[in-house]
Amino acid sequence: MNLQLEEDLLSNLHAAQLFQVGLMPALRSTQPEPLPFPHFILWKPNQIVGGDFFWHHTDRKRTFLAVGDVMGHGVFGAMLTIIFMQQLRHLVQLSGIWTTDKLAAEIDHYLSHLFRGAFDHPITIDSFLGVLDTGRRRLSYTNFKGKAYLVRNKQQIEKLHSYPFSFGENLGTAAEEHEIALQPADRLYLLSDGLANQLSSRDNKPLGSKAIAELLLELQPTPIHEQKDLLESKLSTLRGGHPQSDDIVVVGIEIE
């Protein structure tokens with residue numbers, strides 16, 4: 001490939017990364033404390049830009065949270081995240097829809113028709129949509145193949161309910177909103193399947209869900225704001241000489 005073309009492509013990818021990060025308020029360097037509760041955010045695209053995202057919007061004591069993983073990587077995946085996040089912005093911020101099952105049905109219908117006939121297969125996105133009410137200590141959520149965990153007392157871990165279908169498969173009306181009561185010091189972890197897909201140096205196989213649950217429990221003696229660096233360190237050790245296998249996003253939240 002022509003050297004100038006390579007430099008131009010790389011420059012454009014970095015510009016695209018700035019654009020993608022700009023649509024995720026929690027990642028902006030100019031907003032050092034974007035969420036009104038203790039947390040960490042690990043966002044590691046595999047190709048400078050990627051198909052994993054985290055979007056949020058806070059209004060008074062309610063925070064809307066969306067963590068997702070779109071099909072594809074790189075520029076293709078990044079473009080789909082932009083579509084998804086802009087649709088969320090329209091529905092949550094402009095239309096005032098905070099009920100997650102209604103949001104799920106609206107977004108699923110939109111995505112399932114957006115590219116109809118353009119591709120051989122549906123364009124799909126796995127995503128967790130949740131509303132965290134810090135005043136009532138309640139989490140309402142609808143989860144389409146997303147990965148979400150609740151850790152209580154630093155030793156009990158529970159995987160939150162997930163529907164076995166994705167956004168874009170036109171099954172959104174079948175989903176219901178779930179609600180759980182939270183306690184002080186509970187920790188929530190919302191993540192894509194990037195960690196589970198990472199090849200391990202131990203056996204050259206993906207880590208899988210069981211290893212991820214164990215990894216999250218290993219983080220518990222550490223304060224939530226220090227867990228990002230610890231998680232990156234543990235991930236580096238686990239993968240050994242293997243390169244990063246997939247886009248990664250992990251959001252850790254502590255209930256006060």
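Rule-based calculations on the coordinates, nothing more; no lab input. Values in this document were obtained by computation on a predicted structure and should not be read as measured data. Positions of Cβ are backbone-derived with ideal geometry, glycine not excepted, and every protein chain shown enters the neighbour counts.
Hey, any hits in the range 112-125 for a residue that's in contact (Cβ under 8 Å) with a residue 40 or more places away in the chain and either among the basic types (Lys, Arg) or in a strand (DSSP E or B) (or both)?
yes
What are the pairs with Cβ atoms under 9 angstrom where one residue, in the range 15-26, is touching a residue at least 60 places away in the same chain (Cβ under 8 Å) and closer than 14 Å to Ile83 by Cα and the other, located anywhere, is of a type in the set (S, T, N, Q) and outside any loop (DSSP other than H, G, I, E, B)? Sequence gap at least six, or different chains.
Final answer for the pair search is Gln20/Thr81; Leu23/Thr81; Leu23/Gln86; Met24/Thr81.
Picking from Asp229, Asp247, Asp193, Asp186, which residue would you name as being free of Cβ contacts under 8 Å to residues at least 60 places away in the same chain and at negative phi?
Of the residues listed, the single one that is free of Cβ contacts under 8 Å to residues at least 60 places away in the same chain and at negative phi is Asp229.
Can you find a residue in the range 34-44 that is over 22 Å from Ala175 (Cα atoms), in contact with a Pro (Cβ under 6 Å, 6 or more places away or on another chain), part of a loop (DSSP other than H, G, I, E, B) and not β-branched (Val, Ile, Thr)?
The answer is yes; a qualifying residue exists.
Identify the single condition in (1) hydrophobic (A, V, I, L, M, F, W, C); (2) within 16 Å of the chain's Cα centre (by Cα); (3) buried (at least 21 other Cβ atoms within 10 Å of the Cβ) that Ile83 does not satisfy, given that it satisfies every other one.
The one condition Ile83 does not meet is (3).
When only residues in the range 131-181 that are without any contact (Cβ under 8 Å) to a residue 40 or more places away in the chain, of a type in the set (A, V, I, L, M) and surrounded by 17 or more Cβ atoms within 10 Å (Cβ to Cβ) count, which is farthest from Phe37 (Cα to Cα)?
Leu160
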